[in-house]
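Visitor: The structure's right below; bear with me while I get my questions together.
We did not get these values from a lab; they are worked out from the coordinates using the rules stated. Just so it is clear, the structure is predicted and the values come from calculations on it, not from any experiment. Quick reminder, even Gly has a Cβ in these numbers, built from the backbone with ideal geometry, and neighbours come from all protein chains shown.
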Amino acid sequence: MKAGPRPPAQSTDFDGTRLTVARRLRRKTKSSLASEVGVSPSAIAQYEKPDGPNPTQAVLAKICLALGLPREFFGLSRSISLLAASEAHFRSLRSTTAAAREQALAYGELSLEVVNLISDYIELPAVDLPELELPDELTDGVIIDAARRIRAAWGIEEGPVPSVVQLLEAHGVVALRLPPGTDPAVDAFSTNAGRRPLVFLSQSKDDKARSRFDASHELGHIVLHPDTEPGSKLVEKQAHLFAAEFLMPRDEIIDQLPRRIDWPAFHALKKHWGVSLRALVFRANALGRLSEASYRRANQQLSMWGLPEPNPLGPAESPQLLGLAKELMIESGLDFDAVLAAGRIATDVTEDVIQAGSTERPRLQFE
């Protein structure tokens, strides 16, 4: 009896979770990827299941081509933990598409995996977030107290916070800039659902004051909202209040704030506290220093000036941790690329992550 044709050979070295990450990283739905590869959307869904069937070698080759990632990326290695959208706080939730949010989360998942790989060789700062027992109802008083307790626990003296981004990194929070290619509408987001708290900052806000407030706002989410559904105006307002108290403690700033629209005074406070004019005007109104009428007029003037505000403070605060860790590994004689290759993280993705977690230094150029 003549034997029938052999079924196509399945890949034996395949991790479905990595397909999920890669598909979201490239902003593709199951249906769009299935169309490019020549299989059904349900087949893609099955490939992505931890206990699902593996694609054939031919299909996997098409997947690699469609997603622009090497075969090694999809192989069995250390597992990548997925971050749920329901546990991530996006600053601009309503203005971003689901695909843009999923892409940002995929970058977050790969970033945490890069951090895990590096931490096998470099002792990174331990996560140091004080355990705050918060009531179910977060009143303004509770939020203000939480900001004060974080400042105290982290040893922040009276006055301005020196560098918010580097402070986060020093206490075990992974701070990164959103890599090029992500949707600018994503702006910033944070999550505490992974092995380490993760904060992504906007790639387009090259402004020190705004980056400091954004980082403090995301810290507020991490501290206040570990189990809170993201996206509501109330949740965003609470993170704003936390950031304001964290950066501009009420007891220290209230007597410094003018009782009328005094732009020279506001500019001096902007330089001292490292916050925007808009944040100062809002703070002055919230603390009862500016009347509602003055507050409206001040915001009208700020809108006329637009962005960037007059007298910018300089470039945005930038993360440093991953860039410094890479330098230290190389100086110690470790093959950094080989370490990441062993973790099966694609080179271009790794470079995006490292650049997102590094301070860009000017390069000396010769004519």
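Visitor: Tell me which of PRO70, GLY181, ALA34 sits at the most positive position along the dipole axis of the chain, charges placed on C-beta atoms (Lys, Arg +1; Asp, Glu -1).
Guide: The listed residue farthest towards the positive side: ALA34.
Visitor: Tell me, what does the Kirkwood hydrodynamic radius of the stretch 8-76 come to in angstroms if you use every pair of distinct C-alpha atoms?
Guide: Value: 11.5 Å, from the Cα pair sum.
Visitor: Using the Cα atoms as the points, what is the convex hull volume per residue of the stretch 166-288 in Å³?
Guide: About 124 Å³ per residue, rounded to a whole number.
Visitor: For a footprinting-style exposure proxy, rank GLU309, GLU157, GLU252, GLU113 by other Cβ within 10 Å, fewest first.
Guide: In increasing order of surrounding Cβ atoms, one gets GLU157, GLU252, GLU309, GLU113.
Visitor: Using the structure shown, select from LYS28/LYS233; LYS233/LYS271; LYS28/LYS49; LYS28/LYS62 the pairs with a Cα to Cα distance greater than 20 angstrom.
Guide: Long pairs (Cα-Cα over 20 Å): LYS28/LYS233; LYS233/LYS271.
Visitor: Where a Cα-Cα gap under 28 Å defines reach, which lysines qualify for LYS326, not counting those fewer than 8 residues away within the same chain?
Guide: Here the lysines satisfying the reach criterion relative to LYS326 are LYS205, LYS208.
Visitor: Let me ask something additional. Evaluate E = 1/(1 + (r/R0)^6) for ALA58 and ARG78, where r is the Cβ-Cβ distance and R0 equals 30 Å; express this FRET efficiency to the nearest 0.05. Working shown, then result.
Guide: Details: r = 27 Å, r/R0 = 0.90.
FRET efficiency, ALA58 to ARG78: 0.65.
Visitor: Which percent of the Cα-Cα distances in the stretch 211-367 go past 20 Å? Mind showing how you got there, number by number?
Guide: On the way: 7898 of 12246 pairs.
Here the tail beyond 20 Å accounts for 64 percent of pairs.
Visitor: If you average the C-alpha positions of the stretch 67-89 and of the stretch 118-181 separately, how far apart do those two centres end up, in angstrom?
Guide: Cα centroid of the stretch 67-89 versus Cα centroid of the stretch 118-181: 26 Å apart.
Visitor: With unit charges on the beta carbons (Lys and Arg positive, Asp and Glu negative) and the dipole taken about the Cα centre of the chain, which residue among ALA356, VAL199, LEU234 sits farthest to the positive side?
Guide: Among ALA356, VAL199, LEU234, the one farthest towards the positive end of the dipole of the chain is LEU234.
Visitor: Take the Cα atoms of the stretch 50-143, find their three principal axes, and give me the spread along each one in whole Å, biggest first.
Guide: The Cα atoms of the stretch 50-143 stretch 60, 39, 24 Å along the principal axes, largest first.
Visitor: Same structure again: Show that you can apply the helix-only estimate: for the chain, add -39,500 (n - 2.57) for every DSSP H stretch of four or more residues, divide by all residues, and state [θ] at 222 nm to the nearest 500.
Guide: Rounded to the nearest 500, the figure is -15000 deg cm²/dmol.
Visitor: Here's something else I'd like to know. Given (i) 1.09; (ii) 1.05; (iii) 1.14 as candidate values of Cα Rg over 2.2 N^0.38 Å, which corresponds to the one derived from the coordinates?
Guide: Entry (iii).
Visitor: To the nearest 20 debye, what is the magnitude of the charge dipole of the chain about its Cα centre, counting +1 on the Cβ of each Lys and Arg and -1 on the Cβ of each Asp and Glu?
Guide: Result for the chain is approximately 1300 debye, rounded to the nearest 20.
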